[in-house]
Amino acid sequence: MIPILLKIMRTGVVSEAPPGPNEDWRARAATIQDRILRILGRALVIRQVDAGSCNGCELELNALNNPYYNLEGMGIKFAASPRHADMLLVTGPVSRNMEQALRIAYEAMPDPKLVVAVGDCGRDGGIFGRSYATCGGVANVIPVDVVVPGCPPPPAAVLQAILTAVAGAVDETPGRIGP
């Protein structure tokens, strides 16, 4: 034990330097918030559903809430209930046990219903494919607006998909949603 403590004292703290401020990202965040408010007239509310994933995509989604990406600062929030959500963010291949629960969450959402399938598993079932245990991708159970490829996709790609779904479903009139 003593040799380990001595080695720790000799070596010191070994880590990489923290990232510096990224002014480009801050400017982009302000633009994103303005765009969401202009399009929706309010904050975007997302309900995330894990339909049977390995939790790799959830780790990347949690990164969206850290101070670097500052999702809430852009006017995007996560909700616990699909009844309050504008968008459903689904990760993982849809397991047979989650198939009905995913349909119930989708039906509970108010119109318009935006759905983003996150990761290769959400796209087509990934390495799990379609089998006795899974239905495959999210599109096999509910309609999907945008798919984010990757295993797992980086947080910036997920954020881009969220914005793509909102921009694709909403015209430029504040508070008005439709084709």
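The values are calculated or read from the model by the stated rules, or taken from the named source; none is laboratory data. Just so we're clear, the structure is a prediction, and the values are computed from it rather than from any experiment. Every residue, glycine among them, receives a Cβ derived from its backbone with ideal geometry; neighbour counts consider all protein chains shown.
Restricting attention to region 103-121, and to residues there that are part of a helix (DSSP H, G or I), touching a strand residue (DSSP E or B) at 6+ places or on another chain (Cβ under 8 Å) and at pLDDT 90 or above, which single residue is farthest from residue 168 (Cα to Cα)?
Here is the first cut: in region 103-121, the residues part of a helix (DSSP H, G or I) are 103-108, 119-121.
Still in the list and also touching a strand residue (DSSP E or B) at 6+ places or on another chain (Cβ under 8 Å): 105-106, 119, 121.
Among the residues that remain, those that are also at pLDDT 90 or above are: 105-106, 119.
Working: 105: 22, 106: 19, 119: 20 Å.
By that ranking, first place goes to 105.
Sort out which residues of region 117-133 are among the small types (Gly, Ala, Ser), surrounded by fewer than 18 Cβ atoms within 10 Å (Cβ to Cβ) and touching a residue at least 12 places away in the same chain (Cβ under 8 Å), and write them in order of number.
Going through region 117-133, the residues among the small types (Gly, Ala, Ser) turn out to be 117, 119, 122, 125-126, 129, 131, 133.
With surrounded by fewer than 18 Cβ atoms within 10 Å (Cβ to Cβ) added as a condition, the list becomes 129, 131, 133.
Selection gives 129, 133.
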Filter result for residue 107 (surrounded by fewer than 19 Cβ atoms within 10 Å (Cβ to Cβ) and within 13 Å of residue 49 (Cα to Cα)):
no
All but one of (1) surrounded by fewer than 22 Cβ atoms within 10 Å (Cβ to Cβ); (2) touching a residue at least 60 places away in the same chain (Cβ under 8 Å) hold for residue 136; state the number of the condition that does not hold.
(2)
Residue under evaluation residue 144, criteria (1) in a loop (DSSP other than H, G, I, E, B); (2) out of contact with any strand residue (DSSP E or B) (no Cβ under 7 Å at 6 or more places or on another chain); (3) modelled with pLDDT of 90 or more, criterion not met:
(2)
Here the qualifying pairs (Cβ atoms under 6 Å; residues six or more apart or on different chains; first in region 96-116 and in contact (Cβ under 8 Å) with a residue 60 or more places away in the chain and over 20 Å from residue 158 (Cα atoms); second surrounded by 11 or more Cβ atoms within 10 Å (Cβ to Cβ) and not aliphatic (A, V, I, L, M)) come out as 109/82
Within the set of pairs 6+ apart or on separate chains, which have a first residue in region 142-169 that is in contact (Cβ under 8 Å) with a residue 12 or more places away in the chain, a second that is part of a loop (DSSP other than H, G, I, E, B) and among the β-branched types (Val, Ile, Thr), and C-beta atoms under 9 Å apart?
142/94; 169/177
